[in-house]
Each structure stands twice: as C-alpha cells, then as structure tokens.
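The structure is given below, and queries will be raised subsequently.
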There are 2 protein chains.
Amino acid sequence: MKIAILGFGIVGSGVAELLTGNTEQISLAADQQVELKYILDIQSFPDSPFADKFVQDFSTIEQDRSVRAVVETIGGVGAAYDFTKRALLAGKSVITSNKELVASHGYELLTLAKEQNVNYLFEASVGGGIPIIRPICQCLSANEISEVCGILNGTTNFMLTEMVRKNVSFDAALADAQARGYAEADPAADIDGDDACRKICILGSLSFGRHIDPEQVPADGIRNVTLQDVAYARSASKKIKLLARAMRLPDGRVAAYVSPHLIPKMSILSNVEDVFNGIVVKGNAIGDVMFYGPGAGKFPTASAVVADVIDCAKHLDARKHMVWNEGGPDTFADPAAIPSRWYVRTPAGGERCFYPLPLVLLTYPGSDPTESAFLTEPISQTDLAPMLEQAGAYCAFRILD
Amino acid sequence: MKIAILGFGIVGSGVAELLTGNTEQISLAADQQVELKYILDIQSFPDSPFADKFVQDFSTIEQDRSVRAVVETIGGVGAAYDFTKRALLAGKSVITSNKELVASHGYELLTLAKEQNVNYLFEASVGGGIPIIRPICQCLSANEISEVCGILNGTTNFMLTEMVRKNVSFDAALADAQARGYAEADPAADIDGDDACRKICILGSLSFGRHIDPEQVPADGIRNVTLQDVAYARSASKKIKLLARAMRLPDGRVAAYVSPHLIPKMSILSNVEDVFNGIVVKGNAIGDVMFYGPGAGKFPTASAVVADVIDCAKHLDARKHMVWNEGGPDTFADPAAIPSRWYVRTPAGGERCFYPLPLVLLTYPGSDPTESAFLTEPISQTDLAPMLEQAGAYCAFRILD
C-alpha cells in the first residue's frame, strides 16, 4: 500500500520516521509493505532523508491512484479540511491526528467516507498514542456506555502536577511548561480548556452516537486555580485535575463539559501526573475501565497514526465500522443542571450564603483567615450560582465522587 | 450469525444475558443479528429463560453448519481443549475466556485456526473485560514492545489492598476474600501466582511473537508477605503488589516471572486496588501505556467475550491477524539473571551478609528489633541468593523502579 503524508511537522515527521524505523514490525502487522510515496509540505526539506518525496501541490497526490491512504497531520480546519474532503472524494482513506477537524466536522467527514466506501480514522486525535478510539468502538462494543471522563490535556496536567509537587504558582508552572515546550507561546487553547473540549467531543460523539459540537460544550480552564485551592484540596485528601466529561443522562440526552475537579487521592485518575493522560470509560457490562499513557509527543502520536495506517492496509477494500449521527440541540442537555458536590472558596464568612446546604469547612496550617473554603452537598450549578454570587466566591470546582 | 455457548457457568450465563440484554447495541456494532442457538452443558436448567437452547451432546453443535462461532466458557484443558479443536476443525471460530487453555495450547490452536481460515479469539482470557489483547495486536502494532508488566490477579490484589488498608494479616485477608467469593475454597491458583502466570504467558506470547509456556515461567505468590513487610514498604513510600512481567532482552530472548514487588506510591500501578487489574505495556514509539479495569466478574468478562463475538461477526469470512510462533527453551532467558533493586527482611544483623552491596536500612515506629529490613542496590537473583541464605532471610522482593 502506498501512502502520502500531508504536513511535515512534528507528528508528520514522526510518522515518516516510524514507518521507516519499525518497517519489519509494521509489514508483519499490515500483511504487506507500506510505502511512503509523497510528503506534502509548503516548505522544502533538502537535507531530510525523505527529500525526494516532497511535493507542494496536493493534486499530485489526489490524482495518483496508487496512493490508497493519506495521513493528514496539518492541523486546523483550513487546508486540512479541504484536502481531507478531496482525498475522500478521490477514494482514498484518510488518517488524522487533527482533533479540531474531527471535533467540528467529524459527522460530515465520516458520512463522506462511508459514501465513498473508504475509511476516516483518527485514533491519534485523542490521547496521543493511547489506544482509546478503537477500544471504545470495538472492545467495549457489547456495552452501553454511560460516561467518558478523563484528563485529556497534558499541558494543564503538567502544570497542576507542578503546582502540587513543587508548590509553584500558576504563572510559574505555565512558564515552566513553556520552557519545556509543553505549552505554546499562546497557551490559551490548553489552559482555557479548548483542547480538552475538542477531545471530549470526539469521545462523546463516538460513545453516544450523535455529533457533539465543541460550540455546545462549556469549557472552563485552570486559570482560576491557585495554590490556596491546591492546599485546601490536599487538606481533604484530594487533588485538583482538569477533567473533560461526557455523560448520557437517563432521558437519553448527552451532557458534556470541561472544568477543574477535586478528585480523591485514592482514585485511579489521581496518579495520572505530568503530561500523561488518563481516560475512564463506564460501560453497563464492564463497569469502569481506564486507559493511560502519554497524551502527546512526536512518537506516541505517530504510533497511533501508524496503527491506523496498518489497520487501513488490512481493510483496504472494507470500510471500518465507525460513524456517528448528526447532532443538534435536542440531543444535548445543559450540564449546569447536573448536581454534584462542590469545592468553594469565598471571602471569610461566605459560607453563610449557602444556608441550608450542608457544608464541610476546610482549613490547613497557615490557611488565610480572610477566606473560607468548604465542600458542599450535591447541588446543580444553576442552584449554586446565586449563592456563589451573594458570597462573592473566588472559585467553585466540582468534586468527582 | 448463529452461535453456541459451551459451559453455562458464571461467564457463559453472563454472555447469554448480555447477548439478550444489550441486543440493539450489539446488532448495531455487529452489522447483523447475533443469535444464540445452543448452550452446551452437562446440567439442565429447566427454569432458565434459555431452557430451550440446552443440548448435552457437542456433536449437535459441531454438525450444525449454521453455527459459525462457538463461545467456550468451560475452563480447564480437558473437554474445553477437545471441543475447541473439533469446533475449529468444523470451520467454526472459537471465542474463549479460558486462560489456562490459551496459555498452554495457544500456539497449536492459533495455528489450527489459521489453517482452517477461522478465528480463535481470547480477549476475555486476560484482565476480564479490560481491552488488552486487541490493543496489543492492533493499536500498538506500530511499536516494538519491550515489556508487559501488570497486576493480573484480582484476588491477591484484593488481599494485599486489605492488608495495607486495614492492617489485617494474610490469613485474615484470605478469609475475607473467600467470604466475598473472590477466592476459591482452594485458593492455590491465585495466591501461588499460577493464575497470573498463565495470563502473562498469553500477553508475552502475543507481544513477543513466540509461545511462552507456563512451565517456563517461575511464579512466586504472596504467601510470604507479612504485615511487617507492608509496614516496611510503607516506610519507604511503597506498596507491595503481585506483578507478572514479561520482557524482551537486548539479545532478543524473553524473560518472564511472577512475584511480589515493592512499587512506588507515585506509580500509576500503585492505585490499582481491590479486585482491579492494571497492565502496563512499554513500546518503543509510545512509551508506557496502562490499561485498567475489573479483572474478573461475570459481566466484565462477558463483555470481552461478546466484543469478540461482534468482531467475529464482522469478519466472518476474514481471519483476524493474530498468531504467534512456536516457543522453546532457546527463546527464553532465566529471569534470575536480571538485576533489580530488592527489599530484604532478615534476622537482626543480617545486613552484614550483603557487604559490599550498598543498602538502605528501613525502620518504622514499632518495628521489630529482632529483624533487619533494607533495600539493596541492583543485583541479580542469582548473585543475591547466597547472601540471602547466609543471612537466613525471611523474604526478598524485587523493587519496581
């Protein structure tokens, strides 16, 4: 099977190197040779070992019938969207790591792939190299899934881990993440929760069978998390983690959101530290399973892309069963209506505004006497909101029980 | 697709219930109806909702050409082995949860399935419902796997969790496990490590491509673990877990063993508690990934069986790529030659017998002055053995770093 790579960035170059480095392993698994014929990029790379494969015009790839699959590692929803559609229309399968494109146009592209009897595969779009898309589709296919919940953004998880371990502030943790190359110069997509939001949309769409658009999903990032919150959480044997959740409600609608949570130190997600991701899936037969691993990085992500390439090679003339239906407002519930316990931090005495909701007050050695912090009994965000306002609350994070 | 279930025990009845309970989900995933036509069991179950499906003669199933797949949930290597071979020879795919049969006869049965162009699938044989077999074969297929390491036995993990959390002795923890139905009246297969041994043989065979026989793999159980060991481990911020490991050595040979380990409290395996299993796979592209979930139980295990049934339905006329080669003594290395750090407990002063190996002595409030406990620098089991003997050591467990 001949393939082309679109975009020779970090992931694209990782795919090229992995295809040539683990050749024996890959041919064995794919039952055939997988040959990299073209690499499309705007730049040229004259010193690259792949220099002879570069092309700058997508038409070359589009019109070459020997290319059966295209790896899209461009990212974004511009050229990536255009080339993906053209490749599918030309009867080529497309494999991608592009979470933004899958989250926003997944329904359309999966439908197009189905019409063309080719595959649109995106294992690498969530959780880097962690196997998660295929396990949800295949291994858990005997289950009705009720919830997917996970730590889906490695950058923010690294920052929260630093804040807990080294007692450094949000700003210092961000500077450290940028210095290590984990966070971009403009870190908004990570720290405001947009990246995790796209990923939970993909997992939710797949688990519940209806397209969930990132526009529908409220996302709170970690800008509000302070060292005081970290210390209060520790006093309650909990850690603060940015969780993305999608759940099926008893009426069949789906709710999804991204926000910081306090999670018990004993929970399996609690030891998911640094840039790692952990994704819990709840099924009605299996109960809870978790998938854990590096959530990003050149070779982990390339590993997932190449696994899809191999799968594609083995199913060249058979479409993989992976599709979801159109979404829409009627299928989606407002997560603000979902009750949970909450952690709240307010000016001192703010707890009085929550009467008669039962609270557990928190303190730690050296905690600030001008503040109150407490855990509430379960209440919806909607019902909590006026109390938070009245108390002038600094923050309110859900508790994962 | 019509199927038959062999053996109406806990897992077999779970499969029957899941097939009828999650019908819509399953038909959708399988692209067709999956119909349970026969259940083979020696007993009859006149009050079962499946009463009309029972047969007592395997030939009925063997000769019915409409039955394309057989679910073997008998267990053991007697009738299960015989019926599996006959089913494969009759051109039927076989799906099993039988770890003993796969571990001991996997090479032969996979080869027979390949010859017959049918499938032999065993996702449920390791880790209950946790997706692990398919992820290793498919999702990580771009990787060269260097190690598989995990908590593969839920009963012993429950007992060790009780010993740590409740400070109860091995005997009390065993009695509790038996009272809850986690351990059998004869608990030897669990607590002596045989069950974990079979499972690591399956994972190792799959990961490294050569059959590993349970006879080749030394297995130590948890009979030697005392509350003193638990307390010493805690003093070093570690927990005691029964790990099963299979690793590829630089020379290409494979080493495997089962034994208690001290693992760091920060490690992701450390929060795998109670009857849960956790399996870490190390790949050269992806790094470390972990799969976590309930390692046993009726519906978790049935969930994995039914996922294989669905996969089988979708590949009725195409064999799944899953096979390993013959094993043999030349492919296998003695794990006693592999160095690691060790935890050792001896009569007081025993540390003198380990000179000049650097040691870290352990104590905890109330520790027994007639004993010594310490952590060693890396050393092979072979080299450690004479020191242990000379010191009259009570126990020596590897440390997972």
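The values are calculated or read from the model by the stated rules, or taken from the named source; none is laboratory data. From a predicted model like this one, the values you see are computed outputs, not experimental measurements. Reconstructed Cβ throughout: ideal geometry from the backbone, glycine too, with neighbour counts over all protein chains shown. Calculation scope for accessible area: heavy atoms of the full protein, side chains included, ligands and nucleic acids excluded. Shrake-Rupley method; radii C 1.70, N 1.55, O 1.52, S 1.80 Å.
Find all pairs meeting these conditions: Cβ atoms under 7 angstrom apart; at least six residues apart or on different chains; first residue within segment A:379-401 and on the phi > 0 side of the Ramachandran plot; second residue surrounded by 20 or more Cβ atoms within 10 Å (Cβ to Cβ).
A:GLY392/A:THR346; A:GLY392/A:GLY350
Moving on to the next point. Of everything in segment B:52-75, what is buried (at least 17 other Cβ atoms within 10 Å of the Cβ) and among the small types (Gly, Ala, Ser)? Give them in sequence order.
Once the filter is applied, which keeps residues that are buried (at least 17 other Cβ atoms within 10 Å of the Cβ) and among the small types (Gly, Ala, Ser), segment B:52-75 yields B:ALA69, B:GLY75.
Of all the residues that make up segment A:6-51, how many are within 14 Å of chain B (Cβ to nearest Cβ) and either in contact with a helix residue (DSSP H, G or I) (Cβ under 7 Å, 6 or more places away or on another chain) or open to solvent by 70 Å² or more (accessible area, probe 1.4 Å) (or both)?
Going through segment A:6-51 one residue at a time, the tally reaches 17.
Sticking with this one: Looking for something of a type outside the set (Asp, Glu) and farther than 30 Å from A:ILE10 by Cβ - is there at least one such residue anywhere in segment A:302-310?
no
Does segment A:94-125 hold any residues that are open to solvent by less than 10 Å² (accessible area, probe 1.4 Å) and among the small types (Gly, Ala, Ser), and which are they?
A:ALA103, A:GLY106, A:ALA113, A:ALA124, A:SER125
Those residues that are within 22 Å of A:GLN381 (Cα to Cα) and either aromatic (Phe, Trp, Tyr) or open to solvent by less than 10 Å² (accessible area, probe 1.4 Å) (or both), I need them from segment A:200-216; list them, please.
Matches in segment A:200-216: A:ILE200, A:CYS201, A:GLY204, A:ILE212.
Please enumerate the residues belonging to segment B:315-329 that are at pLDDT 85 or above and more than 24 Å from B:ASN277 (Cβ to Cβ).
B:ASN325, B:GLU326, B:GLY327, listed by residue number.
Applying the selection to segment A:284-316, what residues are over 20 Å from the mean Cα position of the chain (by Cα) and without any contact (Cβ under 8 Å) to a residue 60 or more places away in the chain?
Across segment A:284-316, the qualifying residue is only A:GLY287.
If you don't mind, another one. Would you check which residues across segment A:109-161 are at positive phi and free of Cβ contacts under 8 Å to residues at least 12 places away in the same chain and list them?
Listed by number, the list is empty, since nothing qualifies.
Kindly check whether there is at least one residue in segment B:132-139 that is closer than 25 Å to A:LEU121 by Cβ and in contact with a Pro (Cβ under 7 Å, 6 or more places away or on another chain).
Yes, because at least one residue in segment B:132-139 is closer than 25 Å to A:LEU121 by Cβ and in contact with a Pro (Cβ under 7 Å, 6 or more places away or on another chain).
Could I ask something else about it? What residue, among those in segment B:141-175 that are charged (D, E, K, R) and in contact with a helix residue (DSSP H, G or I) (Cβ under 6 Å, 6 or more places away or on another chain), is surrounded by the most Cβ atoms within 10 Å (Cβ to Cβ)?
Going through the qualifying residues, I end up with B:GLU162.
Here are some conditions: (1) open to solvent by 10 Å² or more (accessible area, probe 1.4 Å); (2) at pLDDT 95 or above. B:VAL225 meets all but one. Which one does it not meet?
For B:VAL225, the exception is condition (1).
May I ask you to say which residue of B:ARG210, B:ARG223 is under 20 Å from B:THR161 (Cβ atoms) and among the charged types (D, E, K, R)?
B:ARG223
Moving to a separate point now. Every residue in segment B:347-401 that is open to solvent by 60 Å² or more (accessible area, probe 1.4 Å), within 29 Å of B:ALA256 (Cβ to Cβ) and not aliphatic (A, V, I, L, M), please.
Selection gives B:PRO358, B:GLU377, B:PRO378, B:GLN381, B:THR382, B:ASP383, B:PRO386, B:GLU389, B:GLN390, B:TYR394, B:ASP401.
Let me ask another. How many residues does segment A:306-333 contain that are away from chain B (no Cβ under 14 Å), out of contact with any helix residue (DSSP H, G or I) (no Cβ under 8 Å at 6 or more places or on another chain) and surrounded by fewer than 15 Cβ atoms within 10 Å (Cβ to Cβ)?
Residues flagged as away from chain B (no Cβ under 14 Å), out of contact with any helix residue (DSSP H, G or I) (no Cβ under 8 Å at 6 or more places or on another chain) and surrounded by fewer than 15 Cβ atoms within 10 Å (Cβ to Cβ) within segment A:306-333 amount to 2.
Here's a follow-up. Please indicate, with yes or no, whether at least one residue in segment A:336-344 is crowded, with 18+ Cβ neighbours inside 10 Å, touching a Ser or Thr at 6+ places or on another chain (Cβ under 6 Å) and within 14 Å of chain B (Cβ to nearest Cβ).
For segment A:336-344, residues crowded, with 18+ Cβ neighbours inside 10 Å, touching a Ser or Thr at 6+ places or on another chain (Cβ under 6 Å) and within 14 Å of chain B (Cβ to nearest Cβ): absent.
Also, quick follow-up: Could you check segment B:22-38 and list, in sequence order, the residues that are more than 11 Å from B:ALA313 (Cα to Cα) and among the polar types (S, T, N, Q)?
Those that are more than 11 Å from B:ALA313 (Cα to Cα) and among the polar types (S, T, N, Q): B:ASN22, B:THR23, B:GLN25.
Among the strands (runs of 3 or more DSSP E) confined wholly to segment A:195-305, which include 2 or more residues that are within 14 Å of another protein chain (Cβ to nearest Cβ) and among the charged types (D, E, K, R)?
A:238-248
Cβ contacts < 7 Å: first residue over 13 Å from A:ASP251 (Cα atoms), restricted to segment A:324-339; second residue of a type in the set (Phe, Trp, Tyr) and open to solvent by less than 30 Å² (accessible area, probe 1.4 Å), any location; separation 6+ or different chain. Result?
The qualifying pairs are A:PRO335/A:TYR257.
Additional query: Looking at B:ARG253, is it among the basic types (Lys, Arg) and surrounded by fewer than 22 Cβ atoms within 10 Å (Cβ to Cβ)?
For B:ARG253, the condition - among the basic types (Lys, Arg) and surrounded by fewer than 22 Cβ atoms within 10 Å (Cβ to Cβ) - is met.
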